[in-house]
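The values are calculated or read from the model by the stated rules, or taken from the named source; none is laboratory data. Worth saying up front: this structure is predicted, and the values here are computed from it rather than measured. Cβ placement follows ideal geometry from the backbone for every residue including glycine, while neighbour counts extend to all protein chains displayed. Keep in mind that these areas ignore ligands, DNA and RNA; they rest on the heavy atoms of the full protein, side chains included. Shrake-Rupley method; radii C 1.70, N 1.55, O 1.52, S 1.80 Å.
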Amino acid sequence: MTGSQEPKGTLWGVGLGPGDPELVTVKAARVIGAADVVAYHSARHGRSIARSIAEPYLREGQIEEHLVYPVTTETSDHPGGYAGAMEDFYRESADRIAAHLDAGRDVALLAEGDPLFYSSYMHMHTRLTERFDALIVPGVTSVSAASAAVSTPLVQGDQVLTILPGTLPADELRRRLADTDAAVILKLGRSYPAVRQALSAAGRIDDAFYVERASTERQRVLPASEVDDQSVPYFALTMLPGGRRAASVTGSVAVVGLGPGDAGWTTPQSRQVLAAATDLIGYGPYLDRVPVRDGQRRHPSDNTDEPARARLACELAEQGRTVAVVSSGDPGVFAMATAVLEEAEQWPDVDVRVVPAMTAAQAVASRVGAPLGHDYAVISLSDRLKPWDIIARRLTAAAAADMVLAVYNPASKTRNWQVAAMRDLLLEHRDADTPVVIGRDVAGPRESVRVVPLGELDPADVDMRCLLIVGSSRTRWHTTTDGADRVFTPRTYPG
């Protein structure tokens, strides 16, 4: 006769909330009181914050497992250093809890906040759940407690909230702060000087709160700029509410590049400036690429009306508005920056700045490799603002100098003869098999990229959505085993 196996106990990951025992959920209180074993962590001083929160819900006769961290800083005399000391600690702690579960005892492992949100519980969860059942009791996080402590909405509408660990490098924190509406930075302590630096560099420290030990009797709330770096505990956070974000400069114009088409190619700086603007000006399809925000006014216009757009931007800025003029690609490359700066000469009190972005030439080049890897010239075939004889002389000069050419505005609905004229000029200096990259709507919904020999370049294949890259005598072109075109221009040149 085979003996029956004793049932194993259940591991409970119990969220205790941010510190106030009254913020422990009803379910958490019930699970804590019913558990055979209550486990909790502390530093070497032995005072467990988790146990102090759960104390009202403990009962006599329960077994307590006190899991004491061997180190609390990044230094250790353990042979494996800090990481080795912590790995041994988590393994030994898991063994202690497993012994109770094997004996059929239910274990409530306590966690401040929520067990699955930056919690020590997760180290036990990953080590034990392959052998034992685990159930999670979620808890109120410090993020919610901090928002309540300052009585300020954290996010609203379609605003984006980013949670960041303060242990990230200052430059990475700054980048992420610049690219979000609202943020909470956790794990402060010794990291706070870097956090302060990042908030300042992102221009957002004046809107940020510092919250220490939220929801407890020792709770402290200060403007983030007024905190003494030497007095910041680990259980503190910085909160940047989305509703408090405002324009950094009033009465100004920013000419902002969106990049070639893919939203992922719009820089965080561009997104930040667009979010802070009171007024957006631009060609209608470009404005459609910018998320709609409450309170912003949009001023769409036809793509050929650049002087009127520039004038409107300066008029609004003079009225104290914060204006963003939107361009596709980079605003300084055959785009709106020049028109705005030219108009702004008549408006001495209007501040104008240019926010750069990826160019269409860079985007097209990336699709085939590195055709712009050596010296190259950028030229527009449009004769709307300059005569064709100037364009022809520049094409000839660049071709004679054996430079790669990035060709903007090669054709339009009413202008298509220039492509053939360019091809014939270039063939006086280039071999007929010189590669030409035809990029259409790159990063857009109708993207296509082809490579053809210069001698076979057909004007009928080129329209206003295209950008061309014409190789030099050194540019190489081959097809990979999967059928993809690869084009690159070596950085060396024969002497």
If you go through region 404-431 one residue at a time, how many are among the aliphatic types (A, V, I, L, M), more than 17 Å from I390 (Cα to Cα) and either part of a strand (DSSP E or B) or without any contact (Cβ under 8 Å) to a residue 24 or more places away in the chain (or both)?
1
In region 451-495, the residues that are in a strand (DSSP E or B) and of a type outside the set (A, V, I, L, M)
P453, C466, R476, W477, H478, T479, D485, R486, F488
Only listed residue being part of a helix (DSSP H, G or I) and free of Cβ contacts under 8 Å to residues at least 24 places away in the same chain, chosen from E60, E22
E22
Being touching a residue at least 24 places away in the same chain (Cβ under 8 Å) and in a strand (DSSP E or B) is the filter; apply it to region 128-164 and report the residue that is surrounded by the fewest Cβ atoms within 10 Å (Cβ to Cβ).
L135
May I ask you to verify whether T278 is free of Cβ contacts under 8 Å to residues at least 60 places away in the same chain, surrounded by fewer than 23 Cβ atoms within 10 Å (Cβ to Cβ) and under 22 Å from S412 (Cβ atoms)?
no
Is it the case that V195 is assigned to a strand (DSSP E or B) and open to solvent by less than 10 Å² (accessible area, probe 1.4 Å)?
no
Among residues of region 281-303, those that are under 23 Å from A344 (Cα atoms) and either part of a helix (DSSP H, G or I) or touching a residue at least 60 places away in the same chain (Cβ under 8 Å) (or both), counted:
3
Looking at the structure I just gave you, is E87 within 25 Å of F235 (Cβ to Cβ), open to solvent by 20 Å² or more (accessible area, probe 1.4 Å), without any contact (Cβ under 8 Å) to a residue 12 or more places away in the chain and within 36 Å of the chain's Cα centre (by Cα)?
yes
Say we look at region 456-491 and pick out the residues that are touching a residue at least 12 places away in the same chain (Cβ under 8 Å) and of a type in the set (S, T, Y); which of these is farthest from M422 (Cα to Cα)?
T489
Of the residues R174, R204, R220, R190, which single one is charged (D, E, K, R), in contact with a helix residue (DSSP H, G or I) (Cβ under 7 Å, 6 or more places away or on another chain) and open to solvent by 60 Å² or more (accessible area, probe 1.4 Å)?
R174
